[in-house]
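The values are calculated or read from the model by the stated rules, or taken from the named source; none is laboratory data. What you see is a predicted model, and the numbers here were worked out from it, not measured in a lab. Cβ atoms come from the backbone with ideal geometry, glycine included; neighbour counts cover every protein chain shown. Just so you know, the surface numbers come from the protein's heavy atoms only, side chains and all, with ligands and any DNA or RNA stripped out. Shrake-Rupley method; radii C 1.70, N 1.55, O 1.52, S 1.80 Å.
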Amino acid sequence: MNDSLVSRVLSTIQYNQFLAGLSGGVASSLILHPFDLVKIRFQVTETKTQLANTSLPYRPHYKGLFDAFRSIYREQGLRHGLYQGVTPNVLGNGMSWGLYLFFYNTVDVLINHGEKRKHLTFTDRFIYSTIAGVTTITLTNPIWVVKTRMCLQYSSSDKIIRYQTTWDCIRKIYQTEGIEAFYKGLIPGLFGTIHGTIQFASYEHMKALYNKAYHRTDLSTPMILTFSALSKLTAAVTTYPYQVVRTRLQDQHQHYNGVIDVIKRTYQREGITGFYKGMVPTVCRVVPACCITFVVYEFVLKELKR
């Protein structure tokens with residue numbers, strides 16, 4: 001690779017997109033982590049009847065969203081309860097948003113010979129989003145495994161390996177299960193790139209249509225909130241089952257023989273509704289999370305451009 005090609009590639013790297021996305025992901029994760037924790041616990045929790053037929057009597061059963069928050073807070077408090085696993089969540093969301101937006105915009109510039117296209121078609125956005133999503137989930141999957149494991153530590157599950165910190169979790173997973181454990185849930189995660197593709201392509205497309213219709217070059221905060229909420233809600237509802245499958249594969253309390261086994265056993269035990277467990281805390285979380293992320297993203301991006 002000659003120097004001119006290296007220089008051209010380096011000049012196309014969208015550092016500002018990475019920093020803006022990172023800032024948005026970190027902010028939303030810090031504020032809304034308790035909803036994420038409850039969502040993960042709902043996704044793996046079976047009914048009381050099903051629990052009686054398994055070896056997981058210590059798995060708590062919550063009557064609803066409020067009961068989950070109250071029970072977790074009473075048993076473990078705020079820091080070690082509702083904010084359990086917040087470190088890998090903040091790291092994962094920050095890196096995911098940063099890398100996703102970085103790859104999305106860098107691919108745009110590279111494909112278009114060093115210039116960002118001002119008017120992308122929906123197909124362009126779909127392709128760029130898919131490339132960015134696949135690359136991002138492949139790099140960040142180990143972080144999500146650690147996050148899931150730490151969020152699924154129950155106060156009464158003493159026989160299961162306990163993780164004290166994020167680093168302790170990484171070390172123990174590697175020692176007991178090997179490097180392949182960090183890639184559990186990767187296949188449904190790759191399928192889940194459709195989620196990011198629908199979300200970001202929809203957001204960008206709505207933004208482009210609005211700017212064209214009203215002859216604007218930027219969005220007001222209310223419009224950012226509206227478009228980000230609509231795009232995230234659409235993506236969450238249409239692709240939710242993959243999240244349940246991925247979380248169950250990463251669960252340290254159960255063992256599945258791959259994606260097909262998860263789908264088969266979930267359907268046999270719980271029916272189609274099993275694939276939508278945790279939807280309520282997800283909706284409560286994703287819309288404000290996306291709004292916070294995009295508001296921070298647009299603000300940081302604007303400041304960096306100055």
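Here are some notes:
- Members of segment 191-208 found to be closer than 18 Å to Y297 by Cα and either free of Cβ contacts under 8 Å to residues at least 40 places away in the same chain or not in a helix (DSSP H, G or I) (or both), listed by number: S202, M206, K207
- Residue ID - modelled with the highest pLDDT, chosen from residues in segment 104-155 that are outside any helix (DSSP H, G or I) and farther than 25 Å from K212 by Cα: L152
- Count of residues meeting criterion [touching a helix residue (DSSP H, G or I) at 6+ places or on another chain (Cβ under 7 Å), open to solvent by 40 Å² or more (accessible area, probe 1.4 Å), outside any loop (DSSP other than H, G, I, E, B) and free of Cβ contacts under 8 Å to residues at least 60 places away in the same chain] in segment 60-85: 2
- Residue in segment 237-254 that is modelled with pLDDT under 85 and closer than 30 Å to V26 by Cα present: yes
- The set of residues from segment 76-102 being modelled with pLDDT under 85 and among the aromatic types (F, W, Y) comprises W97, Y100, F102.
- Test result for Y174, of a type in the set (F, W, Y) and within 22 Å of the chain's Cα centre (by Cα): no
- Look at segment 37-56: where a residue is of a type in the set (V, I, T) and a partner is at pLDDT below 55, sitting 6+ places away or on another chain with Cβ atoms under 9 Å, you get T45/L51.
- Test: residue in segment 194-211 that is farther than 20 Å from Y128 by Cα and not aromatic (F, W, Y): yes
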